[in-house]
Amino acid sequence: MKNRIELVKEWLLKAEHDLKAAQKLLNSEEDLSDIVCFHCQQAAEKYLKAYMVYLGIRPPKTHEIGYLITMIEEKDNKIASLKERADILTDYAVEVRYPEDFFIPSDEETKEVLEITLEIKRYVEEQVKVK
């Protein structure tokens, strides 16, 4: 079984991969905003789950960003400042992936989603100290 720090590092690596994918797709000539937003949501979720593991909280199998932040608040109430804005990321976990709920985010929405994801990344990186 992996130790907690190894697991945190793996969550952070997976988050970074999703973020890099989103940034590369954003710079693509095609309009892939739905996929960009999906990868941003995935990155944010993984950054939060890395922080949860770091804090000794077992991450649930959910894409609900607000719920993850609520769980973290029990050990870090400062993270609450991110919740309202970050909760919109949850919409991009499923809705943009399937035809029934499919929509194409606007350029403005896509930029906002990336900004929120980067805020979460910065916050988590400030809190999580691993080598």
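Sum up the charges of everything whose Cβ sits under 15 Å from the Cβ of A21, counting Lys and Arg as +1 and Asp and Glu as -1, but leave A21 out.
Working: positive: K14, K20, K24, K46, R97, K121; negative: E16, D18, E30, D34, E45.
Cβ neighbours under 15 Å give a net charge of +1.
For the charge dipole of region 9-131, defined by +1 on Lys and Arg C-beta atoms and -1 on Asp and Glu C-beta atoms about the Cα centroid, which residue among I120, Y51, T90 has the Cα displaced farthest towards the positive pole?
Among I120, Y51, T90, the one farthest towards the positive end of the dipole of region 9-131 is Y51.
Using the Cα centre as the reference, give the magnitude of the dipole from point charges on the C-beta atoms of region 66-128 (Lys, Arg: +1; Asp, Glu: -1; all else neutral), rounded to the nearest 20 debye.
Details: 8 positive and 17 negative charges, 60 e Å.
Using only the charged Cβ atoms, the result is roughly 280 debye.
Mind listing the phi-derived Karplus ³J(HN,Hα) values for region 110-115, rounded to whole Hz, using 6.51, -1.76 and 1.60 with θ = phi - 60°, and x for any glycine or proline?
4, 5, 5, 4, 5, 4
If one takes the longest principal axis of the Cα atoms in the chain, at what angle in degrees, from 0 to 90 and to the nearest 10, does the Cα axis of helix 4-26 lie?
Between helix and principal axis, roughly 20 degrees.
Give the label of the value calculated from the structure for Rg and Dmax of the Cα atoms in Å, choosing from (1) 14.4, 43; (2) 13.5, 39; (3) 28.9, 104.
(1)
Enter the Cα centre distance for the pair region 6-20 and region 28-103, rounded to the nearest angstrom.
So the two Cα centres are separated by 14 Å.
Quick note: the coordinates plus some simple rules give every number you see, no bench work behind them. None of the values given here were measured: they were computed from a predicted structure. When we count neighbours, we look across all protein chains shown, and the Cβ atoms used for this are built from the backbone with ideal geometry, even at glycine.
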